[in-house]
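Take a look at the structure below.
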Amino acid sequence: MPRQVVSINKNKKHLTKAEKTKRQAAEKVMGEAPPIKTAPPAWLDETAKKEWRRLIKECKAMGILSTLDMGALAICCDAYSKYMAATLKINDTTLVGTHTNKSGAKNLVINPFVMVAQKYSDTYKKYATDLGLTPAARMRMTTINTPEPEKDELIDFIKRRNRERGTS
């Protein structure tokens, strides 16, 4: 999922004039992202809406979301809500239950809510990573947006010179 690049005005990195000019030109081409809508979608339940408000508050402070991310954020919050509901059901019952088959034999079976919780945990993790809400995803975003260092002609000259002396 494409990520919004931090605006040159908000960027706290020390960039050269050439890098700043290049970034400003790229920002001009892309245009400004529309402001984030803070109201959660109506179809989310209360737990998901609470998670929405929490994430929106944090993401606005970091400047990592745009309106294009709102659908994915809604799915992320919905997965969180359903994960919490499944976890509460697990806490009310047990992780492993017994099943008696037709012949009367008893077998241990995993509580179905464990699998539901795992499914929504994976969904939440996937969307949180795509949206840049995990530490690893934010680190990956900074490495992607960091420009390559310019070649240093002096270092290249020294390396060439050393190679020539080694072969001569």
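The values are calculated or read from the model by the stated rules, or taken from the named source; none is laboratory data. Everything numeric in this text was worked out from a predicted model, so none of it was measured. Positions of Cβ are generated from backbone atoms using ideal geometry, with glycine treated the same way; all protein chains shown enter the neighbour counts. These area figures cover heavy atoms from the full protein model, side chains too; ligands, DNA and RNA do not enter into them. Shrake-Rupley method; radii C 1.70, N 1.55, O 1.52, S 1.80 Å.
Below is a table of values for the structure above.
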item: Residue check for Lys102: modelled with pLDDT of 70 or more, of a type outside the set (A, V, I, L, M), open to solvent by 70 Å² or more (accessible area, probe 1.4 Å) and assigned to a helix (DSSP H, G or I); result: no
item: Total residues in the stretch 84-99, condition open to solvent by 80 Å² or more (accessible area, probe 1.4 Å), hydroxyl-bearing (Ser, Thr, Tyr) and within 28 Å of the chain's Cα centre (by Cα); result: 0
item: Answer residue from the stretch 56-78, given it is in contact with a Phe, Trp or Tyr (Cβ under 9 Å, 6 or more places away or on another chain) and not charged (D, E, K, R) and is surrounded by the fewest Cβ atoms within 10 Å (Cβ to Cβ) among those; result: Ala72
item: Contacts under 8 angstrom Cβ, first residue in the stretch 110-133 being more than 30 Å from Met62 (Cα to Cα) and without any contact (Cβ under 8 Å) to a residue 24 or more places away in the chain, partner part of a helix (DSSP H, G or I) and open to solvent by less than 40 Å² (accessible area, probe 1.4 Å), 6 or more apart; result: Asn111/Ile90
item: Matching residues in the stretch 154-168 - criterion: being modelled with pLDDT under 80 and open to solvent by 100 Å² or more (accessible area, probe 1.4 Å); result: Thr167, Ser168
